[in-house]
1. Pairs Lys91/Lys118; Lys65/Lys125; Lys165/Lys194; Lys122/Lys148; Lys125/Lys194; Lys100/Lys148: which exceed 26 Å Cα-Cα?
2. By per-residue mean of other Cβ atoms within 10 Å, what is the highest-first order of 99-106, 158-165?
3. Suppose the chain between Asp218 and Ser147 were pulled fully straight at 0.36 nm per residue; how much longer would it get relative to their current alpha carbon spacing?
4. Could you give the nm distance between label points at Thr206 and Leu77, where each point is 7 Å from its Cα heading toward the beta carbon?
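The numbers here are math on the coordinates, done by the rules we state, and not lab data. Computed from a predicted model, the values in this text were never measured in an experiment. Here Cβ is always computed from backbone atoms with ideal geometry, including for glycine, and neighbour counts include all displayed protein chains.
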Amino acid sequence: MLHEMTRNVFGLLALVVVAIALQTLVSVRRQPAAPPATAAPTTAISQPAYAPPEMQQPPGFVTPKVPAEAPGFTLSLTSGGQVTLDALRAKGPVLLCFFKIECPTSREVVPRYETFEKQYAKAGKPLQMLGIAQNETFQIEQFARESKLTFPIAVDTPGCEISAKYGILNTPTLVLIAPDGKTLTAIPSWTRSKVNALSEQIAAMTGAPYLAISTADDGLQEWRPG
């Protein structure tokens with residue numbers, strides 16, 4: 001009798017264990033499935049539109065803050081002696097060409113500015129052209145020989161004091177000054193159309209025939225930062 005009761009108890013326990021297991025399995029199956037993992041959102045990075053070099057606006061074009069009244073100066077010339085702005089203005093309009101030999105744009109375009117000298121300044125013509133170089137005398141002389149420059153060049157070292165007075169931020173920079181000392185035009189770096197417009201302005205002031213400083217087929221870019 002006892003043996004039979006024990007067997008019945010164990011049988012009942014087995015049924016209870018099976019029932020619990022089945023209930024657990026059904027409960028797990030009824031749980032909602034977890035949502036699929038999603039990648040973390042990303043922020044699109046906008047890329048600047050590409051423009052070919054001939055269409056880009058160079059960052060180096062900064063208009064110099066030249067005073068309305070051109071600052072006077074006394075500078076030493078590479079050829080010897082000194083030059084003053086007052087002495088130049090007494091003879092006619094003055095074209096200053098600020099440049100630095102280490103600047104690739106200066107090396108490329110300053111030789112083209114020799115045209116200003118030949119067309120409007122030589123042989124008693126009224127324009128007074130003066131280069132103002134941010135270099136030592138021996139460097140300027142070598143560059144002038146290599147580039148066949150004939151206009152006078154003054155030395156603005158050490159410290160580039162005169163360049164600072166004229167607010168020069170890029171080289172080369174052209175500054176046209178009227179005989180009364182008023183600043184008329186300032187052209188930083190190189191822009192063909194602006195330099196040719198300056199040539200027209202000087203031709204009108206001096207009465208000399210206009211001559212383009214650069215043309216589209218001469219190998220120079222339309223513009224180039226200094």
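1. Over 26 Å Cα-Cα: Lys65/Lys125.
2. On the way: 99-106: 19.5, 158-165: 14.5.
So the peptides 99-106, 158-165, ranked by packing, come out 99-106, 158-165.
3. Details: separation 71, 0.36 × 71 = 25.56 nm, distance 1.64 nm.
The span from Asp218 to Ser147 would gain 23.9 nm if fully extended.
4. Using points 7 Å along Cα→Cβ, the separation is 1.6 nm.
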